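Take a look at the structure set out below.
The values are calculated or read from the model by the stated rules, or taken from the named source; none is laboratory data. All values reported here derive from a predicted model rather than from experimental measurement. With ideal geometry, Cβ positions are generated from the backbone for all residues, glycine too; neighbour counts draw on all protein chains shown.
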Amino acid sequence: MAERESKLMMIESFIRAYPDFPKKGILFRDICPVLRSPAALRAVIDLFEEQVRTNYPNVDLIVGLDARGFLFGPLLAQRLGIGFVLVRKKGKLPGTTVSVAYDLEYGQAEVEIQDDAIASGQKVLLIDDLLATGGTLFAACELMKKLEAVVLGCMVVIELKQLNGVDKLKPQSVFSLLKY
């Protein structure tokens, strides 16, 4: 437990806060310093790996969300010896895709996945850097339903608690390393 707490404290020490970015009233949590530190990045993947091995030993695939889920997901998948799949913004993937539109505070967006990326019944964990309102992760969960995948849960580095994103994702479980 002390090692876990030590890793969390180290990771948190690398998170920078930028007030009024990208617009006034937003406190932006920047993970870029974590990525520059091999020790902090290793700690993130260590803690995600521990969570998966303890709670989801039967996971088949890690599904990363565009774009920062692509930073953590492949490292975790490699450690676990399983595959990694991309969920991208609309128009970024070749071949036949399946997509889901979702609402943003300022409009709509769409995410997609290649239609053969996940087989029916495969067990997946979704990963991203941040959970705010939950829109993108919710859309990714809807994509998984369309492909008949079994979503075991969602994992994020940072959860912004006051935005209540976990409520939008219910009944999915959400594992967050840091909560602000």
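Criterion applied to Leu47, Leu80 was being over 23 Å from Ala119 (Cβ atoms), more than 12 Å from the chain's Cα centre (by Cα) and at pLDDT 95 or above, and the one residue passing it is Leu47. Phe72 meets all of the listed conditions (1) over 17 Å from Met144 (Cβ atoms); (2) in contact with a strand residue (DSSP E or B) (Cβ under 8 Å, 6 or more places away or on another chain); (3) at pLDDT 95 or above; (4) surrounded by fewer than 18 Cβ atoms within 10 Å (Cβ to Cβ) but one, namely (4). Looking only at residues that are assigned to a strand (DSSP E or B) and either aliphatic (A, V, I, L, M) or over 19 Å from the mean Cα position of the chain (by Cα) (or both) in the range 93-103, which one is farthest from Cys154 (Cα to Cα)? Taking the candidates together, the pick is Thr97. Any chance the range 12-20 includes a residue that's farther than 30 Å from Gln122 by Cβ and β-branched (Val, Ile, Thr)? The answer is yes; a qualifying residue exists.
Restricting attention to the range 114-138, the residues being touching a residue at least 40 places away in the same chain (Cβ under 8 Å) and buried (at least 20 other Cβ atoms within 10 Å of the Cβ) number 11. For the range 14-33, indicate whether the set of residues that are of a type in the set (D, E, K, R), surrounded by 14 or more Cβ atoms within 10 Å (Cβ to Cβ) and touching a residue at least 60 places away in the same chain (Cβ under 8 Å) is non-empty. Within the range 14-33 (the criterion being of a type in the set (D, E, K, R), surrounded by 14 or more Cβ atoms within 10 Å (Cβ to Cβ) and touching a residue at least 60 places away in the same chain (Cβ under 8 Å)), the answer is yes, since at least one residue qualifies.
Only residues that are outside any strand (DSSP E or B) and either within 16 Å of Lys89 (Cα to Cα) or in contact with a helix residue (DSSP H, G or I) (Cβ under 8 Å, 6 or more places away or on another chain) (or both) were counted across the range 112-164, and they come to 16. One residue stands out in the range 34-58 among those that are among the hydrophobic types (A, V, I, L, M, F, W, C) and in contact (Cβ under 8 Å) with a residue 60 or more places away in the chain: the one that is nearest to Ser173 (Cα to Cα), namely Val52.
Among the residues of the range 20-44, just one is closer than 14 Å to Leu76 by Cα and either modelled with pLDDT under 95 or in contact with a Lys or Arg (Cβ under 6 Å, 6 or more places away or on another chain) (or both), namely Ala43.
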